[in-house]
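A quick write-up on the structure given underneath.
The values are calculated or read from the model by the stated rules, or taken from the named source; none is laboratory data. Predicted model only: the values in this text are computed from it and were never measured. We place every Cβ from the backbone using ideal geometry, glycine too, and count neighbours over all the protein chains shown. The area values use the complete protein model at the heavy-atom level, side chains included, leaving out ligands, DNA and RNA. Shrake-Rupley method; radii C 1.70, N 1.55, O 1.52, S 1.80 Å.
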Amino acid sequence: MKWQTEMRLCGSSLLDDRRFDALADALAELDEADDTVEDTDLTASLAEGWVIVAMVVTAADPADAIRKTVATVRAAIQKIGDSTPGWERITDLAPLAVRPADSEPIHA
């Protein structure tokens, strides 16, 4: 099944155009190389230092979709040379959302 996921990240250092572009490129490469990940998109506020990574993930259930999203985002962050300390607790710290990809978005 396909799941739409979103993960919001706040960096511990300055998010500038160079780092944002590098992250976008790394995610695009991972998206291209993995047939279970598609339609990766980023939204960010460089001034406030946050990024939302959205993607469609093929997975058995929502928990597997979240695990795949977290692993893909972590791989992209490490690919650009940034670190991910405390990542084993990321699902406790980062806002994550998952819904069936063919459903309507939930607006708060």
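Ordered by residue, what ³J(HN,Hα) values in Hz, to whole numbers, does segment 55-61 give under the Karplus form 6.51 cos²θ - 1.76 cosθ + 1.60, where θ = phi - 60° and Gly and Pro are x?
Values per residue, Gly and Pro as x: 7, 9, 10, 8, 7, 5, 7 Hz.
How many percent of the accessible area of segment 19-91 is carbon or sulfur, using a 1.4 Å probe?
So the carbon and sulfur contribution to the accessible surface is 49 percent.
Round to the nearest 10 and give me the degree value, 0 to 90, for the angle of helix 17-33's Cα axis relative to the longest principal axis of the chain.
30
Mind checking the per residue accessible area of segment 28-85 for me, 1.4 Å probe, whole number of Å²?
Per-residue value: 52 Å².
Quick one, which of [x] 36, 33, 24; [y] 57, 49, 20; [z] 50, 22, 22 is the actual Cα extents along the principal axes in Å calculated for this model?
Evaluating Cα extents along the principal axes in Å on these atoms matches [x].
Could you tell me how many degrees, from 0 to 90 and to the nearest 10, lie between the Cα long axis of helix 62-79 and the main elongation axis, the longest principal axis, of the Cα atoms of the chain?
It works out to around 20 degrees.
Quick check: with the 1.4 Å probe, what order do Arg19, Arg67 take by accessible area, largest first?
Result, largest first: Arg67, Arg19.
Relative contact order, percent, of the chain when contacts are C-alpha pairs under 8 Å separated by at least 6 residues?
Rounded, it is 40 percent for the chain.
So what's the net charge close to Ala26: Lys and Arg +1, Asp and Glu -1, counting the other residues with Cβ under 12 Å from its Cβ?
Combined, the nearby Lys, Arg, Asp and Glu give -3.
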